[in-house]
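The values are calculated or read from the model by the stated rules, or taken from the named source; none is laboratory data. As the structure is a computational prediction, the values presented were derived from the model and not from experiment. Positions of Cβ are generated from backbone atoms using ideal geometry, with glycine treated the same way; all protein chains shown enter the neighbour counts. These area figures cover heavy atoms from the full protein model, side chains too; ligands, DNA and RNA do not enter into them. Shrake-Rupley method; radii C 1.70, N 1.55, O 1.52, S 1.80 Å.
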Amino acid sequence: MRSNGSLHVHDLSVLVDGKTIVNALSAAFPAGRITLIVGHNGAGKSTVLETLAGLREPAGGIIQLADQQLWLKKKLNKEYLMQIGVSLQQSSAQWFLSTVADEFRYSMRPYQLSGEEMNARMEDALAAVGLESERFLERDPKTLSGGQQRRLSLAMLAACQPQWLLLDEPTAGLDADGIQQLCVLLMKHRAAGGSAIIVAHDLEVLLPISDAVLEIDNGSAVSIGIRPAVQYAASLAASTDSGPLPQPLETAAFLHQAGIKLPASDEAWMEPKALAAALTQQLLSGDHHAVAQSGSQAIVNPPDRPDSITDSEDAAVLITAANPSIQHTNRQAPRSNTRVIPSDRFDPRAVVLSYLLFATGILLQQNWWGLLVATLFASAFVWWPLRYTITPWRNAIILYIRMVIVFILFAGIKLTSIGYDWHPVVETGFRLSKLLVVMVTGLPIAALVTPIRLQRAIEQSLGWLRKIKLPIDALALTVALIFRFLPMIKQEWERFVRIAHARGKSTTRPGKLPARMLYAITAPFMLAMLRGADEMTDALEARGYGRMGGSTPTRGIVLRWSISDSKLTVVFGILFAILYWL
Amino acid sequence: MNFLHRNRWKLESVDLFVQAAVMHKSGAGGERQPLIHTREHQLLFNIDLSIKSGEWVFIVGTNGSGKSTLARLLAGLGQPRVSGVMTSATGASFAPLVTQNPEAALVGMTPEEDAILLLEQLAVPPEEMASRIDAAMRITGLTEWMKQPIAQLSGGQKQLAAIAGCIASEADALIVDEPTAMLDPHASTAVMAALRELHRRGTTIVWVTQRLEELIEGDRVVAMKDGRITFDGSTEHFYIRSSKKSPCEEAGLDATYVVETVWELQQSGVALEPPMPLTASSLAKAVSSYAQQRQPACP
């Protein structure tokens, strides 16, 4: 039943927190091949992989495996999901059951295998990564060492035997033995007809065993889309600005520069043994013409395309991916160029004072005309110039508006005599709309004021409270840490939901989790949070926090009221005056 | 300067123990009730190590070899039970340690703010802060980014921001534990360059890593395995296969591509000069000078 088609992506775009991370990406990942996704940190590689796995909902575009679309209206396609297995970054901390065997059963459940089949697969998979089944099956996965957990997550994937493996940085945290096992596992998978898409930094390990490479920059495919691995290696070696090369390519480049001729190779690079043999032959055979003669093209220009890819039907796929029209759109940078106001531009006291004045002005309004004027002011002076700080909250704002509408409609229902009264509807609507304007106007404060500066503002204006023994200073670090920790909690929760989603082959939209799984991930999530807090205190102590023992901290950030603070306050003071007299 | 010959750290037959929770499955009955108690684990065995002020030292080893434990011991972190003698140079500041994940170590919203907060905690006079931070940002190449929100920086820049704070604290030694493990090659090179510059200015650097490509000729390597130091010497000696295995292989580490090639060449009877080039450029140089030396011998 296994289809042999490639995994196509057409004109894919993905937004993360309102920002375009993947932009107009088109590519066709060939079946039966190992394809790497490469690019700088932050180029959008992981986002692409997660979207291919159905863990992020694309903003636009098509994802299709053979003839199966990933998205069927607003649900995921089970047929597609059953053919893929995904391992995310740091997926070692994904366990939520009490034994390794239970974890295996959870992952294999969607495949509806018999008990014996499951047991056989568990043992094979553990053996493949060098963990003895009799020792590990009954262990609690959370008590395994970091390296063992990484191997276990690989085994978990192998046990499901998906046609497509989607891996994010699988070599991270593995030592030499683990990397060796990973390579063997991948090559066996390909030999059995399987395919893989791997996000990778570690080209030295993965490029030699892969067939094709997709290079991503700024969320789009670079130049020609997917190309053969050998061709990619050659272009890396030839390019001057790609920065540090994998050592084998660097070696070839330096040898070439030194005028040493090497035989053409049909692999990404020669193994050390082959390179040494070639060098030895030249150095010892007396064939010095080759050495003396420089300008050999052998390394920089290997044969355009290796047989391994040309002879398959996938060659056509690779050529379609090189479509020049795609190439054209890719060059446009996806990022918008909004002007960002630095977070230390204004004194927090000026920001808070201005907001209080303006919010009071809005709340003073008694009719819809006044509210309209206030909204226009808010749009012109706050919403539009600071729109980049508001867009991340778009979903929350829409939710609030919906809630307001529901409240308003209910407000009209009369219980005493069945009927509908418009007066309270307008009244409630007016009040809630005023609150909405006040709230949205307050959203940018978080971006204009960092936690520390806000804390300093409190300290400097309320410093006199020290006299009555209020521990104003002790709040300093606490406030900052809480604000640092909040985004971490959000990120970690999203990561857990994604992992549970991927392993359970749930067809609900990403980010939404069936209730039965919610229970399963709560405990490991708490555990991960504790570990995170632990790691943070540890890292802070390591950098020097709390090491001075007793001496009073100094103050490097002292707020000073500037001209621009006065201007800001005056502008909003005038707006307040207008709204007051309206 | 006799300051250069002073030991920054000196460890003599140091053993290190930690308390760890152990879980037992009670055997024959097969009940699921686990027994938990704590037991003392020995993580480091008989460590003899001295590091001089201003030195650059790599600590290498596989997962679980004890390299991070040793780094934490040097940084004076945690409360392990230690036997043996460990001394730090008198008057030395504490040595900050920067770990793999910069995300966990940054408090401020911008690199500058983060550095200020660290200096505030270390009770540095406010009037000194600006100049110290400017200098630190220059060394790490973050000057342009020091007022950018940390959330908008790349992984490498975050790591550099964590290091910049430590530089501004003017510590005389810095310990980094796999600082490049989560970074792409570009960012790794930037971190390495910043620390080489810091070292050139006299700071002692201890760099813990599994990536042997980071080692270059003339560096000092300390290899660890199973909590013991198995090798302490120059990078060139680290790869020499004197009897059968090199210290690198003994420690269970994979040698780099260049080193593997040199080993293969040695086996085929090609002895290069210098015998153990470690970087691509020095390998190419050695090969071409070998070729030139043989040239006149041929008619």
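Annotations for the structure displayed:
- Filtered by the rule that a residue be in a loop (DSSP other than H, G, I, E, B) and either surrounded by 15 or more Cβ atoms within 10 Å (Cβ to Cβ) or modelled with pLDDT of 85 or more (or both), segment B:77-94 gives B:Leu77, B:Pro80, B:Ala89, B:Ala92, B:Ser93, B:Phe94.
- Taken as a whole, the condition of being at pLDDT 85 or above, within 9 Å of another protein chain (Cβ to nearest Cβ) and open to solvent by less than 10 Å² (accessible area, probe 1.4 Å) does not apply to B:Pro125.
- Residues located in segment B:129-156, provided they are more than 21 Å from A:Ile341 (Cα to Cα), more than 9 Å from every other protein chain (Cβ to nearest Cβ) and either out of contact with any helix residue (DSSP H, G or I) (no Cβ under 8 Å at 6 or more places or on another chain) or among the basic types (Lys, Arg) (or both): B:Ser131, B:Arg132, B:Arg138
- Considering B:Arg228, B:Arg201, the condition of being open to solvent by 50 Å² or more (accessible area, probe 1.4 Å), touching a Phe, Trp or Tyr at 6+ places or on another chain (Cβ under 6 Å) and not polar (S, T, N, Q) is satisfied by B:Arg228 alone.
- Check on A:Gln247, closer than 29 Å to B:Gly252 by Cβ, in contact with a helix residue (DSSP H, G or I) (Cβ under 9 Å, 6 or more places away or on another chain) and not acidic (Asp, Glu): yes
- Scanning segment A:230-270 for residues being part of a loop (DSSP other than H, G, I, E, B), in contact (Cβ under 8 Å) with a residue 60 or more places away in the chain and out of contact with any Leu (no Cβ under 7 Å at 6 or more places or on another chain) gives a total of 0.
- Condition check for A:Gly60: under 21 Å from the mean Cα position of the chain (by Cα), surrounded by fewer than 18 Cβ atoms within 10 Å (Cβ to Cβ) and not aliphatic (A, V, I, L, M): yes
- Close pairs from segment A:369-383: first of a type in the set (Ser, Thr, Tyr), partner in a helix (DSSP H, G or I) and open to solvent by less than 60 Å² (accessible area, probe 1.4 Å), Cβ under 9 Å, at least 6 apart: A:Thr375/A:Ile362; A:Thr375/A:Ser433; A:Thr375/A:Val437
- Of the listed requirements (1) under 20 Å from B:Ile116 (Cα atoms); (2) open to solvent by 30 Å² or more (accessible area, probe 1.4 Å), B:Gly165 misses just one: (2).
- Inside segment B:40-76, residues that are over 14 Å from the mean Cα position of the chain (by Cα) and either part of a helix (DSSP H, G or I) or hydroxyl-bearing (Ser, Thr, Tyr) (or both) make up a count of 2.
- Qualifying residues in segment A:139-157 (those that are of a type in the set (Gly, Ala, Ser), part of a helix (DSSP H, G or I) and surrounded by fewer than 20 Cβ atoms within 10 Å (Cβ to Cβ)) - the one farthest from the other protein chains (Cβ to nearest Cβ): A:Gly146
- The set of residues in segment A:510-545 that are loosely packed, with under 15 Cβ neighbours inside 10 Å and over 19 Å from B:Asn101 (Cβ atoms) comprises A:Gly511, A:Lys512, A:Pro514, A:Ala515, A:Arg516, A:Leu518, A:Tyr519, A:Thr522, A:Ala523, A:Met526.
- Within segment B:174-198, tally of residues that are buried (at least 23 other Cβ atoms within 10 Å of the Cβ), in a loop (DSSP other than H, G, I, E, B) and modelled with pLDDT of 85 or more: 2
- Inclusion of B:Thr110 among residues that are more than 8 Å from chain A (Cβ to nearest Cβ) and either of a type outside the set (Ser, Thr, Tyr) or out of contact with any strand residue (DSSP E or B) (no Cβ under 7 Å at 6 or more places or on another chain) (or both) is not warranted.
- B:Ala286 satisfies every condition listed in (1) part of a helix (DSSP H, G or I); (2) buried (at least 19 other Cβ atoms within 10 Å of the Cβ); (3) within 7 Å of chain A (Cβ to nearest Cβ) except (3).
- For B:Glu12, the test of being open to solvent by 60 Å² or more (accessible area, probe 1.4 Å) and modelled with pLDDT of 90 or more is passed.
- Taken over segment A:398-442, the criterion of being surrounded by 15 or more Cβ atoms within 10 Å (Cβ to Cβ), over 18 Å from A:Gln365 (Cα atoms) and touching a Leu at 6+ places or on another chain (Cβ under 8 Å) is satisfied by A:Tyr400, A:Val404, A:Ile408.
- Close contacts from segment A:29-45, counting a first residue that is farther than 19 Å from A:Gln231 by Cβ and a second that is open to solvent by 10 Å² or more (accessible area, probe 1.4 Å) and of a type in the set (A, V, I, L, M), with Cβ to Cβ under 7 Å and a gap of 6+ residues or different chains, come to A:Asn41/B:Ala187; A:Gly44/A:Ile21.
- Among the residues examined, A:Gly504 does not qualify as open to solvent by less than 70 Å² (accessible area, probe 1.4 Å), at pLDDT below 75 and more than 12 Å from chain B (Cβ to nearest Cβ).
- Test: A:Trp71 is touching a Pro at 6+ places or on another chain (Cβ under 7 Å) and either open to solvent by less than 60 Å² (accessible area, probe 1.4 Å) or modelled with pLDDT under 90 (or both): no
- Test: residue in segment A:186-202 that is assigned to a loop (DSSP other than H, G, I, E, B), open to solvent by less than 40 Å² (accessible area, probe 1.4 Å) and of a type in the set (D, E, K, R): no
- A:Ala43 being assigned to a loop (DSSP other than H, G, I, E, B), within 30 Å of A:Ala268 (Cα to Cα), within 14 Å of chain B (Cβ to nearest Cβ) and open to solvent by less than 30 Å² (accessible area, probe 1.4 Å): yes
- Subset of segment B:168-184 [more than 10 Å from chain A (Cβ to nearest Cβ), aliphatic (A, V, I, L, M) and over 19 Å from B:Leu142 (Cα atoms)]: B:Ala173
- Scanning segment A:102-138 for residues that are within 14 Å of another protein chain (Cβ to nearest Cβ) and under 21 Å from A:Ala500 (Cβ atoms) gives a single hit, A:Asp102.
- Search result, residues across segment B:267-281 that are at the interface with chain A (Cβ under 9 Å from one of its Cβ atoms) and either assigned to a helix (DSSP H, G or I) or more than 19 Å from A:Trp269 (Cα to Cα) (or both): B:Gln267, B:Ser268, B:Gly269, B:Val270, B:Ala280, B:Ser281
- Residue match in segment B:95-102 (condition: crowded, with 19+ Cβ neighbours inside 10 Å, of a type in the set (Gly, Ala, Ser) and either more than 7 Å from every other protein chain (Cβ to nearest Cβ) or closer than 20 Å to A:Ile557 by Cα (or both)): yes
- Qualifying residue in segment A:91-114 (condition: over 28 Å from A:Thr522 (Cα atoms) and without any contact (Cβ under 8 Å) to a residue 40 or more places away in the chain): yes
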